[in-house]
C-alpha cells in the first residue's frame, strides 16, 4: 500500500453532532473520488485523515493497515469491487475499526454484499450535505462501545531532583527495577527528563522509540499504541526512554497528562524520572502522584534548592512528599543533622548510603543496583516494599537504612 503524503490533522466535527476525535484511513485508487471523499471529511471536525492512493497490494498487507489502529477505514468500492469487498471482509474480521465504503452507484445487491462483509456504512457519491458527518458520529459512538475507556488506576511515583547531578535517574531506575522484582507487579519507567534523559543508558538498553513519539501522537495514544513504543528490560521493567537525539519539541500539559493516564491504565506502577524540571508542576505528575520523591544531597546548593521547592510546592494540599538524601555519609557530612532537618523543614524519609564504587560499577556495566546486594540496593528495595505493601526488612547494623516516621 502506498500512502501519499497528504494528511489533515486540523478538521473537527461540528459541535452539534457531538462526535469524538477519530483517526481515519481514506483508501481510493481513483484520485477524483478520493478527493471528493476527503473534501467531505474536511467539513467535519476533530478527525485526523490519512490518504492512501491504492488498495493494499494483497490481503496479507491488511495487518499492516490494522497495526496503525485507525478508528475508521473509508474505502472506494468502484475501482476493483470484488477485491474491495475482500478487503472489507478482512478488515472487519481482524480489527475493530469501523469500515465504510463509497461508490457512485447505489446498487442494492452490492449494498447487501458490503453489509454482509461487515461494512457499517454505504455512502453514495455525490455526498448529500451532512451524510459524512453523521456517519462519523455513528462510528464515534460505536468506538466508545467497542473500546470503552479504562480508568487510570496504576500508582504514580515521581522522582524530582533538587539539582542536576543529585542522582535522580539512578534512584528512579533502581526503584522501578525493585518494584518489578520485589512486588512482582507490572512496572513502567517513563523518562521525562527531556531533552537529555539517560534512564535507558543507566539500564543498558537501546530504545527505538521515545517519550517524544508518545507525546507527538497524543491524539491517537492508547494502550496498544503505547505498547509499541516501549522496550522491556531483563528485570521485567518496561521503559519509555528519552530520545537518543536532541529533540526540538515542547509538549503541552495536556499531552503529558494523556500519556500518564494511558500508562496508568495498564501498569500497576508508573515511575517517572523528571530530572529537575519544574515546568511540569501544572501536570498530573504533581496532582495525582502517590508520592513525589525529592532527591537531594547534603550540600549548600542542594539544601537551598530543596527548601525553596518544599516551600513553593509541598506546603498545604500538595502531593505526598518523601525526601531522599542521596550519598549519605554521616561521618563526613560537616553539617549537623539537625541543621539538615531545619533546612529541609522536615526530617528526610530515606537516606541512601554513599557508595561511589558500587554506583560507578553500575554505570560502567549497566547492571542495576537493585539486582545486586549492597547498602544502596537494600535501601532502595525497602523504598519499593514500602509502597507495594511488602514487609520491610529489619535495619542492618552499621548502615542508616531506616525510614523515619
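Can you name the number of the only condition in (1) closer than 20 Å to residue 56 by Cα; (2) assigned by TED's automatic domain parsing to the domain that holds residue 328 that residue 172 fails? Every listed condition holds for residue 172 apart from (1). Evaluating residue 294 against the criteria (1) more than 21 Å from residue 202 (Cβ to Cβ); (2) surrounded by 17 or more Cβ atoms within 10 Å (Cβ to Cβ) leaves one unmet condition, (1).
Test of understanding: among 294, 303, which residue is in a helix (DSSP H, G or I), in contact with a strand residue (DSSP E or B) (Cβ under 9 Å, 6 or more places away or on another chain) and at pLDDT 90 or above? Answer to the selection: 303.
The set of residues in region 186-200 being part of a helix (DSSP H, G or I) and touching a residue at least 60 places away in the same chain (Cβ under 8 Å) consists of 199 alone. Out of curiosity, is residue 171 out of contact with any helix residue (DSSP H, G or I) (no Cβ under 6 Å at 6 or more places or on another chain), in a helix (DSSP H, G or I) and touching a residue at least 12 places away in the same chain (Cβ under 8 Å)? Yes. Residue 379 meets the stated requirement of being without any contact (Cβ under 8 Å) to a residue 60 or more places away in the chain and crowded, with 20+ Cβ neighbours inside 10 Å.
When you look at residue 188, is it under 27 Å from residue 296 (Cα atoms), surrounded by 22 or more Cβ atoms within 10 Å (Cβ to Cβ) and in contact with a strand residue (DSSP E or B) (Cβ under 8 Å, 6 or more places away or on another chain), yes or no?
Answer is yes for this residue.
The set of residues in region 72-105 that are closer than 19 Å to residue 138 by Cβ and either surrounded by fewer than 17 Cβ atoms within 10 Å (Cβ to Cβ) or modelled with pLDDT under 90 (or both) comprises 92, 95, 96, 97.
Could you tell me which residue of region 44-63 is nearest to residue 129 (Cα to Cα), considering only residues that are in contact (Cβ under 8 Å) with a residue 60 or more places away in the chain and in contact with a helix residue (DSSP H, G or I) (Cβ under 7 Å, 6 or more places away or on another chain)?
That would be 44.
Being farther than 14 Å from residue 159 by Cα, within 25 Å of the chain's Cα centre (by Cα) and assigned by TED's automatic domain parsing to the domain that holds residue 178 is the requirement here; does residue 282 meet it? In short, yes.
A search for C-beta distances below 7 Å between a residue of region 242-257 that is over 15 Å from residue 197 (Cβ atoms) and any residue that is modelled with pLDDT of 90 or more and outside any helix (DSSP H, G or I), counting only pairs 6+ apart in sequence or on different chains, returns 253/283; 257/283; 257/284.
Looking only at region 201-227, count how many residues are assigned to a helix (DSSP H, G or I) and either free of Cβ contacts under 8 Å to residues at least 40 places away in the same chain or in contact with a strand residue (DSSP E or B) (Cβ under 6 Å, 6 or more places away or on another chain) (or both).
Total meeting the criteria: 6.
Tell me, yes or no, whether region 231-239 has at least one residue that is in contact (Cβ under 8 Å) with a residue 40 or more places away in the chain, at positive phi and assigned by TED's automatic domain parsing to the domain that holds residue 181. Yes - at least one qualifying residue is present in region 231-239. It is to be established whether one or more residues within region 357-368 are in contact (Cβ under 8 Å) with a residue 12 or more places away in the chain, part of a helix (DSSP H, G or I) and more than 24 Å from residue 162 (Cβ to Cβ). Checked against the condition, which is being in contact (Cβ under 8 Å) with a residue 12 or more places away in the chain, part of a helix (DSSP H, G or I) and more than 24 Å from residue 162 (Cβ to Cβ), region 357-368 yields at least one hit.
Counted as qualifying within region 65-165 are the helices (runs of 4 or more DSSP H) with 3 or more residues that are within 30 Å of residue 229 (Cβ to Cβ), namely 81-94, 131-146. For region 106-119, a tally of residues being buried (at least 23 other Cβ atoms within 10 Å of the Cβ) and out of contact with any helix residue (DSSP H, G or I) (no Cβ under 7 Å at 6 or more places or on another chain) returns 0. Of the residues screened, residue 343 is one that is buried (at least 17 other Cβ atoms within 10 Å of the Cβ) and either modelled with pLDDT of 90 or more or assigned to a helix (DSSP H, G or I) (or both).
The values are calculated or read from the model by the stated rules, or taken from the named source; none is laboratory data. Fair warning: this is a prediction, and the values are worked out from it, not measured in the lab. Here Cβ is always computed from backbone atoms with ideal geometry, including for glycine, and neighbour counts include all displayed protein chains.
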